[in-house]
Amino acid sequence: RDRQPIVAIDGPAGVGKSTVSRSVARELGLVYLDTGAMYRALTWLVLESGISVTDRCAIAELANRCEIQLAASLDAAQPVRVWINNREVTSAIRSLEVTANVSAIAAIPEVRHVLVKQQQQWGQKGGLVAEGRDIGTQVFPDADLKIFLTASVQERAKRRQQDFLAQGQPQVSLEQLERDIAARDWQDSNREVAPLKKAAGAVEIITDGKSITQVIAEIVSQYDRVFARTDQRG
Ligand code: CDP
Ligand code: CDP
């Protein structure tokens, strides 16, 4: 094969995709691609432009004309920096407003068409760990390793609450977080184009009660199995 390895990591909101993917990328010497950040950036731009989130035509046009840049730091503790049309939106894309609207924007076929094309271009030469909802099914169906992460809604809501706490953000109740997550799960799994689902051949990892380190180790060992590299690391 004339490209570097590709690892596809998919799963629902708050399951640990970002956290785990960036460490796996670092450990394997691959580039980390956060595709959710792209849908978030476009959602931010839609809200910023005052376009209605139901105006599919205007949103499609915006998607066609926008330029997104991502820069993952080597330091896994640093967030991925994101720009859209040369404006940095690294923290703005994590707002509750963007989070509440992103699944609707991501369900628009023209939006997916544009962003998926961009992702495939970036991944042409391989060498990446890409994370999202449709990486193993649509973006890189020929990925060398496909992982599907799962966890209960309750567990994921708890993790999100911890995140808010750690970041010193205003507290959101567990019930609210569970509702948000369940709503996004439903939208992402039931949309017409590229719904969230386990790809054929994907390895499912149930992460309830597992530490981040444990999940990373499982993925790295799956990777070693695929590339039969068990002799190279200790
Ligand atoms: O980190 P979190 O799971 O909250 O979300 P994210 O990965 O940043 O993705 C935000 C939203 O973008 C998801 O809820 C999906 O609606 C959408 N998305 C998608 O449709 N396809 C992807 N490959 C990545 C994200
Ligand atoms: O990207 P995604 O929305 O799937 O999840 P995330 O943004 O990585 O958030 C997951 C949160 O759960 C982070 O605060 C992690 O520290 C925590 N966590 C995890 O990712 N994996 C575990 N096995 C346990 C906790």
Only one residue in Val111, Val203, Val116, Val193 is at pLDDT below 95 and surrounded by 15 or more Cβ atoms within 10 Å (Cβ to Cβ). Which one?
Val193
Let me spell it out: the conditions are (1) of a type in the set (Asp, Glu); (2) crowded, with 19+ Cβ neighbours inside 10 Å; (3) more than 11 Å from ligand 1 (Cβ to nearest atom), and Asp142 meets all of them except one. Which number is the exception?
(2)
Being within 14 Å of ligand 1 (Cβ to nearest atom), of a type in the set (S, T, N, Q) and closer than 30 Å to Ile219 by Cβ is the requirement here; does Ser95 meet it?
yes
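Quick check on my filter: what residues within segment 1-45 are among the acidic types (Asp, Glu), within 12 Å of ligand 2 (Cβ to nearest atom) and surrounded by fewer than 24 Cβ atoms within 10 Å (Cβ to Cβ)?
Scanning segment 1-45 gives a single hit, Asp34.
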Of all residues in segment 140-167, which are more than 14 Å from ligand 2 (Cβ to nearest atom) and over 17 Å from the mean Cα position of the chain (by Cα)?
Asp142, Asp144
Do any helices (runs of 4 or more DSSP H) entirely within segment 115-230 hold 3 or more residues that are of a type in the set (Gly, Ala, Ser), and if so, which?
174-190
Tell me which residues, restricted to segment 74-91, are over 22 Å from Ile108 (Cα atoms) and either touching a Ser or Thr at 6+ places or on another chain (Cβ under 9 Å) or open to solvent by 50 Å² or more (accessible area, probe 1.4 Å) (or both).
Leu74, Asp75, Ala76, Ala77, Gln78, Pro79, Val80, Arg81, Asn86, Arg87, Glu88, Ser91
Only residues that are surrounded by fewer than 16 Cβ atoms within 10 Å (Cβ to Cβ) and of a type outside the set (S, T, N, Q): list them for segment 61-71, please.
Glu61, Arg65, Glu67, Ala71
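hydroxyl-bearing (Ser, Thr, Tyr), free of Cβ contacts under 8 Å to residues at least 40 places away in the same chain and closer than 30 Å to Gln176 by Cα - does that describe any residue in segment 57-78? Even if it seems obvious, please write down each step before you answer.
As a first pass, look at segment 57-78 and keep what is hydroxyl-bearing (Ser, Thr, Tyr): 73.
Now drop any that are not free of Cβ contacts under 8 Å to residues at least 40 places away in the same chain, which leaves 73.
Of the ones still in play, those that are also closer than 30 Å to Gln176 by Cα are none.
So far as segment 57-78 goes, no, none of its residues is hydroxyl-bearing (Ser, Thr, Tyr), free of Cβ contacts under 8 Å to residues at least 40 places away in the same chain and closer than 30 Å to Gln176 by Cα.
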Return the residues of segment 170-206 that are farther than 23 Å from Phe148 by Cα and in contact with a helix residue (DSSP H, G or I) (Cβ under 8 Å, 6 or more places away or on another chain); say none if nothing qualifies.
Pro170, Gln171, Val172, Leu174
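Yes/no per residue for (1) within 11 Å of ligand 2 (Cβ to nearest atom); (2) over 16 Å from Ile105 (Cβ atoms); (3) small (Gly, Ala, Ser):
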position	(1), (2), (3)
Ala183	no, no, yes
Val193	no, no, no
Lys198	no, yes, no
Val203	no, yes, no
Lys210	yes, yes, no
Ile216	yes, yes, no
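The values are calculated or read from the model by the stated rules, or taken from the named source; none is laboratory data. Remember, predicted model here, so these are calculated numbers, not experimental data. For neighbour counting, all protein chains shown are included, and Cβ atoms are generated from backbone atoms with ideal geometry for every residue, glycine included. Only protein heavy atoms, including side chains, enter the accessible area calculation; ligands, DNA and RNA are left aside. Shrake-Rupley method; radii C 1.70, N 1.55, O 1.52, S 1.80 Å.
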